[in-house]
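The values are calculated or read from the model by the stated rules, or taken from the named source; none is laboratory data. This structure is a prediction, so every number in the text was calculated from the model and none was measured. All Cβ positions, glycine included, derive from the backbone under ideal geometry; neighbour counts span all protein chains shown. Only protein heavy atoms, including side chains, enter the accessible area calculation; ligands, DNA and RNA are left aside. Shrake-Rupley method; radii C 1.70, N 1.55, O 1.52, S 1.80 Å.
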Amino acid sequence: MPAIDLLIRGGTAVLPSGERKIALAVDQGKVVGHAETEAKNVVEATGLLVLPGAVDAHVHYNEPGREDWEGWKTGSRASRAGGATSVVEMPLNALPPTLDADTFQKKRAVAEKKSCLDFALWGGITPINLRQLEELGRAGAIGFKAFMIDSGTSDFPGSDPVTLRQGMMVAAKLGLPVSVHAESPDSIRRRTEEIRKKGGTSVRDYLSSRPIETELEAIRLVCELAGETRCRIHIVHVSCPEGIEEIQKARQRGVDVTAETCPHYLVLTDEDMVRLGPPAKCAPPLRSASACEGLLQKIREGKVDTIGSDHSPAPGSMKTDPDFFKVWGGIAGCQHLVPLLFSAGLSPVEIARLTAENPARRLGLYPRKGSLEIGSDADFILVRPGVTEEVRVQDLLTTHPITPYLGMKLPARIEQVAVRGSLQPVAGKFLSPSSST
Ligand SMILES: [Zn+2]
């Protein structure tokens with residue numbers, strides 16, 4: 001038998017069934033076996049975990065148009081360092097946003113030139129592009145993203161319930177999922193107005209303008225709409241265990257809904273937002289330490305489906321306003337995605353399931369992506385557990401050296417990343433909903 005391209009041996013592979021001491025045999029970009037065999041290149045992985053590369057279904061790289069915020073080159077490099085081998089990029093914060101086939105193709109072209117990770121693209125649902133959803137589907141959108149609240153940029157308006165229902169009907173017809181930012185605009189606006197009238201500008205004021213009820217209200221509403229329209233939905237960045245419970249209730253009623261959370265809701269709290277200020281601003285906001293613990297418990301119970309970074313960078317100038325309400329909301333964290341989850345205490349099997357297998361399944365990319373099974377793309381990471389790795393500003397690969405994790409000591413280090421069997425950065429390939437094989 002001729003030698004295969006690459007053999008990873010001596011490591012511990014993290015499979016859905018558990019951790020197993022097997023080799024990973026790779027040829028022509030695919031996993032071709034789990035036993036040792038003759039190979040042109042051999043990587044000794046003793047002491048290392050071999051995990052499927054993360055399919056980070058929630059990144060904002062802002063290009064074209066706002067590459068001064070991030071860009072595909074820096075963003076994908078940072079994501080790669082954080083353990084991702086595929087990313088799914090959000091339709092907003094690039095300019096123009098991804099609201100029709102033309103803007104979709106423009107973004108795809110930029111990404112094909114600059115991404116070092118395989119990628120798929122979300123299209124947007126907004127009140128101004130309902131007629132373009134079908135063409136977005138035909139162009140290869142992996143699904144759609146909608147905001148129930150103001151998105152933070154005026155070029156991507158939030159969706160009222162009527163828009164949402166119409167968008168979800170089209171998505172259901174196209175067989176595509178809709179990911180939803182669920183926060184209730186009316187109750188947040190009411191609370192914000194009251195706080196602002198009293199001159200509130202602090203982090204604590206911001207926190208009290210968005211209590212968990214405002215998130216739960218929105219989750220309940222969108223689950224109802226999903227039930228009516230029979231649309232598959234994925235609620236992004238759920239910040240609290242009560243949100244996961246609402247989603248569970250809807251699921252028991254037969255609604256096809258899944259839940260994403262993000263590392264920042266697992267390792268940071270509202271007190272960290274007060275301490276760190278602008279780098280830690282996000283929406284929904286960080287919650288209490290007990291909510292953090294509750295969310296981890298939901299993960300252990302298997303009730304959280306996916307974890308995405310929600311990497312949402314912005315230039316320093318948008319992170320300095322003394323009025324916290326005016327600071328750009330978004331945490332830049334893709335570079336530490338997988339190590340942060342070790343820090344949160346998740347097991348390697350949980351990390352593989354939530355960052356790789358489940359997002360790939362939800363988006364129709366499994367088993368080509370998110371798996372170490374024979375026949376899957378050889379997308380994997382080699383992780384050394386049990387180390388102490390400090391997050392340092394000089395190591396950041398993002399355009400702006402802003403992250404809430406500076407100084408944090410992470411208990412795992414990503415030593416190698418392979419995309420389709422290549423341990424060197426490659427040109428990323430476009431993934432469409434029919435990319436599952
Ligand atoms: Zn986001």
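Structural remarks
- Residues (within 13 Å of the ligand (Cβ to nearest atom) and within 13 Å of Pro279 (Cα to Cα)) located in region 293-335: His311, Ser312, Pro313, Ala314, Trp328, Gly329, Gly330, Ile331, Ala332, Gly333
- Among residues of region 171-191, those that are open to solvent by 30 Å² or more (accessible area, probe 1.4 Å) and assigned to a helix (DSSP H, G or I), counted: 8
- The residues of region 205-244 that are closer than 14 Å to Tyr265 by Cβ, outside any helix (DSSP H, G or I) and within 16 Å of the ligand (Cβ to nearest atom), listed by number, are Arg210, Ile235, Val236, His237, Val238, Ser239.
- Output for region 23-70, where each listed residue is among the aliphatic types (A, V, I, L, M) and within 26 Å of Gly124 (Cα to Cα): Ala54, Val55, Ala57, Val59
- Considering region 264-286, the residues that are open to solvent by 20 Å² or more (accessible area, probe 1.4 Å) and not in a helix (DSSP H, G or I) include one that is farthest from Lys319 (Cα to Cα), namely Thr269.
- Within region 355-369, the set of residues being more than 14 Å from Gly143 (Cβ to Cβ) and open to solvent by less than 10 Å² (accessible area, probe 1.4 Å) comprises Thr355, Ala356, Lys369.
- Selected residue (criterion: least open to solvent (accessible area, probe 1.4 Å)) from residues of region 1-49 that are over 30 Å from Asp305 (Cα atoms) and hydroxyl-bearing (Ser, Thr, Tyr): Thr37
- Lone qualifier among Ala378, Ala352 - being buried (at least 19 other Cβ atoms within 10 Å of the Cβ), within 17 Å of the chain's Cα centre (by Cα) and under 24 Å from Asp27 (Cα atoms): Ala352
- Matching residues, region 311-363, being within 13 Å of His400 (Cβ to Cβ) and part of a helix (DSSP H, G or I): Gly316, Ser317, Met318, Lys319, Cys334, Gln335
- Of all residues making up region 324-347, the number that are open to solvent by 20 Å² or more (accessible area, probe 1.4 Å) and on the phi < 0 side of the Ramachandran plot: 9
- If you go through region 149-180 and keep only what is within 14 Å of the ligand (Cβ to nearest atom), at negative phi and touching a residue at least 60 places away in the same chain (Cβ under 8 Å), you end up with Ile149, Thr153, Phe156, Ser179.
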